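**Q** Below: one structure in structure tokens.
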Amino acid sequence: MSDRLSVFKTYKLYVGGKFPRSESGRVYEVQDSKGNWLANAPLSSRKDARDAVVAARKAFGGWSGATAYNRGQVLYRVAEMLEGRRDQFVREVADAEGLSKSKAAAVVDATIDRWVWYAGWTDKIAQVIGGANPVAGPYFNLSSPEPTGVVAVLAPQESSFLGLVSVVAPVIATGNTAIVVASEKAPLPALSLGEVLATSDVPGGVVNVLSGRTAEIAAPLAAHQDVNAIDLAGADDVLAKELEIAAADNLKRVLRPQPVDYFETPGIERMTAFLETKTVWHPTGSLGASGSSY
């Protein structure tokens, strides 16, 4: 009996809940840390970026309108599905980042825990950064956070999985939708994450994953008039400056790249970076010595 031939995996983009190839038909070789071929990944084009923005905008209303508790349940479901595919991601992270199996396992475990961490924050962040404000007058003054909208996220180049989740999870936890540009040299864990999201109750379009040349994909996203914010975590200093200038055209929120230890417990900064604050004034009625009336 002849030896069985392995079935090589075809990696695809994840846009609008579907798995298209790049509309350009282009691919590029992905190699491991030793230069060995791993797979061909889609080489996304400007058109793919625009399609991802359309999908993210379409999904924004439903996702931002869902209850915070429901979003937490969905994010927790992502962690459950990742736990079930843990061995696959350990292999992909080990190949992508040149890690031993034990170190790759530690990365994957930390990544799963990071999803759970942000799942727990979905219905708590409003109490931390919102609330009643003291004012000099007969008014209730209440502030509450609201999602910014569609956020473009350039995933970290070196941390292909833990870093990726650390920048994507806070964006969607607070009700935004995301277009994610995967690590250019190590996109496979991000593309496989799309498969997990597709089976984790995350509505199509909430997260859209593109692979390819970071600069080529990021430029149209930074200049796009229907993108509300951009996280430049995966950009170098030169590219970050160019993208920040382009983003100023429609006053996007911009989170500049900064040194981060992704194994450290994160704060709430990546959640608050893409939140707006809505403040409501409401008259209390007459106030007298005997109390208030409404």
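**Q** Taking the condition under 18 Å from E158 (Cβ atoms) and either of a type in the set (S, T, N, Q) or open to solvent by less than 30 Å² (accessible area, probe 1.4 Å) (or both), does L239 pass?
**A** Yes: the conditions hold for L239.
**Q** Follow-up question, since we're still on this one. Working only within the stretch 223-236, note down all residues that are of a type in the set (A, V, I, L, M, F, W, C), closer than 20 Å to G163 by Cα and open to solvent by 20 Å² or more (accessible area, probe 1.4 Å).
**A** Residue satisfying the conditions is A233 alone.
**Q** Starting from the stretch 260-278, take each residue that is under 10 Å from P170 (Cα atoms) and list its partners that are in a strand (DSSP E or B) and at pLDDT below 95, counting only C-beta distances under 8 angstrom and pairs at least six apart or across chains.
**A** Filtered contacts from the stretch 260-278: T272/P145.
**Q** Please pick out the residue among P147, P189, P220, P156 that is over 23 Å from G65 (Cβ atoms), touching a Leu at 6+ places or on another chain (Cβ under 8 Å) and surrounded by fewer than 24 Cβ atoms within 10 Å (Cβ to Cβ).
**A** After applying the criteria, what remains is P156.
**Q** Report, by residue number, each residue of the stretch 1-27 that is part of a loop (DSSP other than H, G, I, E, B) and under 23 Å from R91 (Cβ atoms).
**A** D3, R4, L5, S6, V7, F8, K9, T10, Y11, K12, L13, F19
**Q** How many residues does the stretch 220-242 hold that are over 19 Å from K185 (Cβ atoms), assigned to a helix (DSSP H, G or I) and either modelled with pLDDT under 95 or among the hydrophobic types (A, V, I, L, M, F, W, C) (or both)?
**A** 3
**Q** Restricting attention to the stretch 244-255, and to residues there that are farther than 21 Å from E146 by Cα and of a type in the set (D, E, K, R), which single residue is surrounded by the most Cβ atoms within 10 Å (Cβ to Cβ)?
**A** E244
**Q** For residues that are of a type in the set (S, T, Y) and in contact (Cβ under 8 Å) with a residue 12 or more places away in the chain, tally how many sit in the stretch 100-122.
**A** 3
**Q** Could you please give the count of residues in the stretch 243-278 that are under 18 Å from Y118 (Cα atoms), in a helix (DSSP H, G or I) and in contact with a helix residue (DSSP H, G or I) (Cβ under 8 Å, 6 or more places away or on another chain)?
**A** 3
**Q** Right, something else. Please go through the stretch 111-166 and give me each residue that is more than 17 Å from the chain's Cα centre (by Cα) and part of a strand (DSSP E or B), ordered by number.
**A** Result: G131, A132, Y139, F140, N141, L142, S143, S144, P145.
**Q** If you don't mind, there's one more thing I want to ask. Picking from G205, G212, which residue would you name as being in a loop (DSSP other than H, G, I, E, B) and either within 14 Å of the chain's Cα centre (by Cα) or surrounded by fewer than 12 Cβ atoms within 10 Å (Cβ to Cβ) (or both)?
**A** G205
**Q** Still on this structure, I have one more. Does K12 count as at pLDDT 95 or above, among the charged types (D, E, K, R) and loosely packed, with under 15 Cβ neighbours inside 10 Å?
**A** No: the conditions fail for K12.
**Q** Of all residues in the stretch 193-215, which are of a type outside the set (A, V, I, L, M, F, W, C) and within 19 Å of K252 (Cβ to Cβ)?
**A** N208, T214
**Q** Would it be correct to say that N40 is farther than 25 Å from L221 by Cβ and open to solvent by 50 Å² or more (accessible area, probe 1.4 Å)?
**A** It is false that N40 is farther than 25 Å from L221 by Cβ and open to solvent by 50 Å² or more (accessible area, probe 1.4 Å).
**Q** Of all residues in the stretch 92-120 being touching a Ser or Thr at 6+ places or on another chain (Cβ under 7 Å) and of a type in the set (D, E, K, R), which is surrounded by the fewest Cβ atoms within 10 Å (Cβ to Cβ)?
**A** Restricting to residues being touching a Ser or Thr at 6+ places or on another chain (Cβ under 7 Å) and of a type in the set (D, E, K, R), the top hit is E97.
The values are calculated or read from the model by the stated rules, or taken from the named source; none is laboratory data. Since the model is a prediction, treat every value here as computed from it, not as a measurement. Cβ coordinates were reconstructed from backbone atoms using ideal geometry, including for glycine residues, and neighbour counts include every protein chain displayed. Accessible surface areas use protein heavy atoms only, side chains included; no ligands, DNA or RNA. Shrake-Rupley method; radii C 1.70, N 1.55, O 1.52, S 1.80 Å.
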